Amino acid sequence: MTRTHAAPDDADLRHIRRALHLALEAETGGNLPVGAVVAMGGEVVAEAGSAVLVPFYHPGRHAETEALARVPASLWPRSREMTVYTTLEPCVMCAGALLLHGVGRVVFGALDPLGGAGELLARLPNYYEGGAGVPEWVGPVMPELCDPLFRRVLERFDALPCGKSNF
């Protein structure tokens, strides 16, 4: 995996801002404040906010997996051209989905020191390099806007019966 802290370009900032908007919409609707956008060639092809808590509790309905599920089937043969933008560094589950679907690049707004998968991806065996490859991992970008959302994610999990220890 290539992890970079390169300055984001205008398209990156535009898509992260859209992911922020989706995160705030998800939070307003009772979900966790995480949003994700899938783009190809600078154009949005799918997007989603977290759906973990509403309409029912489902631990797998993260913003990234929800957005990937909305990508038109006709685009999957070109998945290496996709960039996923998300407000929070993807967790292990989401990173696995990104890896197995062959997404070429991930740009995230805030680091997740509790559950972010960037360091894990950096240690994957070369097996994945021979397949679709490990995505480029870019971030954090816009942490000043995305870090407060992550703090609110933690607050929401503290209030759940499972608590933060299971997050």
Checklist line | Taking 144, 119 and counting other C-beta atoms within 10 Å, the order from fewest to most | finding: 144, 119
Checklist line | Long-range HN-HN contacts of residue 137 with modeled amide H, under 5 Å | finding: 2, 3, 4, 106
Notebook entry, point to check: What relative contact order, as a whole-number percentage, does the range 3-166 give when Cα pairs under 8 Å and 6 or more residues apart are counted?
Noted result: 22 percent
Margin query: Quick check on the exposure proxy: order 103, 45, 52 from fewest to most C-beta atoms within 10 angstrom.
Written below: 45, 52, 103
Next item on the list: Measure off 7 Å from each Cα along the Cα-to-Cβ vector at residue 151 and residue 57, then give the distance between these two points in nanometres to one decimal.
Entry: 2.6 nm
Next item on the list: For residue 14 and residue 111, calculate 0.36 nm times their separation in residues minus their Cα-Cα distance, and state this gained length in nm to one decimal.
Entry: 33.0 nm
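Taken together, the values in this text are just the output of simple stated rules run on the coordinates, not laboratory data. No experiment lies behind these values; they were computed from the predicted model shown. Neighbour counts are summed over all protein chains in view; Cβ atoms, including those assigned to glycine, are modelled from backbone coordinates with ideal geometry.
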